[in-house]
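The values are calculated or read from the model by the stated rules, or taken from the named source; none is laboratory data. Note that the coordinates shown come from a computational prediction; the quantities given were computed from them, not determined experimentally. As a convention, Cβ positions derive from the backbone with ideal geometry for all residues, glycine included, and neighbour counts pool all protein chains shown.
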């Protein structure tokens, strides 16, 4: 939850490309001596220049959680969304299913083997509060991975023969992280606005076909519709914006890549409500144009699509943003 709050804030400032977290399921993460909570921030060059401010933001977000305490509203939203995703999950291959069951047999009582890794059964504020308080800057380890750090790597790891550097965290940094200022830009995002509650299956209004049928054909485009025989209350929107200029020249191709990079950055800053409701979105450029893929439960998918299209139509950028995005595209081309 708080990683997405950080993600929205740092995306707006163009400091990160993405924010992930990992609690792992191996002995590396959980053993008799400790448990690891890993927060992974994919930095832009601008973010690398503001590394200290980004880490300050992380602990300001942790401080926000400590001040607010366990939030039953947020827990209930996550619990309901994960329950829906479990009840209406897609079929997976047998090997993956068997592997998951084998792992769960070692982690959960027999009653929870099938769903223990997916569902949240009971709100336990004491456990949540203990977990939040365990996020202590005095026991954290910060790893910075970038080719730009090579000049500071004065040691060699003997097993993999990799260069690295090791430094103590300044005491004044830790002192601030223990008692950070209140950052009013950080908030607990609303996760319920696209949460589906209607899972009814629409009646079969057209005969079943093996290929999509044409519903509308006009000057601005063509609309196809395909109804499969599945019984999951999910929809899939696939928008293909065709352009004859896509690969007209190398400059045109770069401009489309640049446009895709900008939109992905803007969409990430507004993606949490949809992601919390298990709506997935993909935006990419191809040889023929731009493709937007959207999939999730039926009920609010059209509403979410409208939000995305408004962002695509109304977004504004400034010179600072443009410079940062151009650098990111260069890094993507030459990495």
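Values for this structure:
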quantity: Residue 245 vs. criteria closer than 25 Å to residue 17 by Cβ, part of a loop (DSSP other than H, G, I, E, B) and in contact with a helix residue (DSSP H, G or I) (Cβ under 6 Å, 6 or more places away or on another chain); calculated: no
quantity: Boolean, residue 165 is within 21 Å of residue 21 (Cα to Cα) and touching a helix residue (DSSP H, G or I) at 6+ places or on another chain (Cβ under 6 Å); calculated: no
quantity: Meets criteria (out of contact with any helix residue (DSSP H, G or I) (no Cβ under 9 Å at 6 or more places or on another chain) and in a loop (DSSP other than H, G, I, E, B)) for residue 255; calculated: no
quantity: Top-ranked residue of the stretch 258-269 - restricted to ones that are touching a residue at least 40 places away in the same chain (Cβ under 8 Å) and in a helix (DSSP H, G or I), ranked as farthest from residue 18 (Cα to Cα); calculated: 258
quantity: Selected residue (only one of 305, 290 is touching a helix residue (DSSP H, G or I) at 6+ places or on another chain (Cβ under 7 Å) and surrounded by 15 or more Cβ atoms within 10 Å (Cβ to Cβ)); calculated: 290
quantity: Enumeration of residues in the stretch 71-115 that are assigned to a loop (DSSP other than H, G, I, E, B), surrounded by 15 or more Cβ atoms within 10 Å (Cβ to Cβ) and within 22 Å of the chain's Cα centre (by Cα); calculated: 71, 88
quantity: Some residue of the stretch 270-277 being under 26 Å from residue 19 (Cα atoms), assigned to a strand (DSSP E or B) and not assigned by TED's automatic domain parsing to the domain that holds residue 44; calculated: no
quantity: Considering residues of the stretch 279-296 that are touching a strand residue (DSSP E or B) at 6+ places or on another chain (Cβ under 6 Å) and touching a residue at least 60 places away in the same chain (Cβ under 8 Å) only, the residue nearest to residue 250 (Cα to Cα); calculated: 295
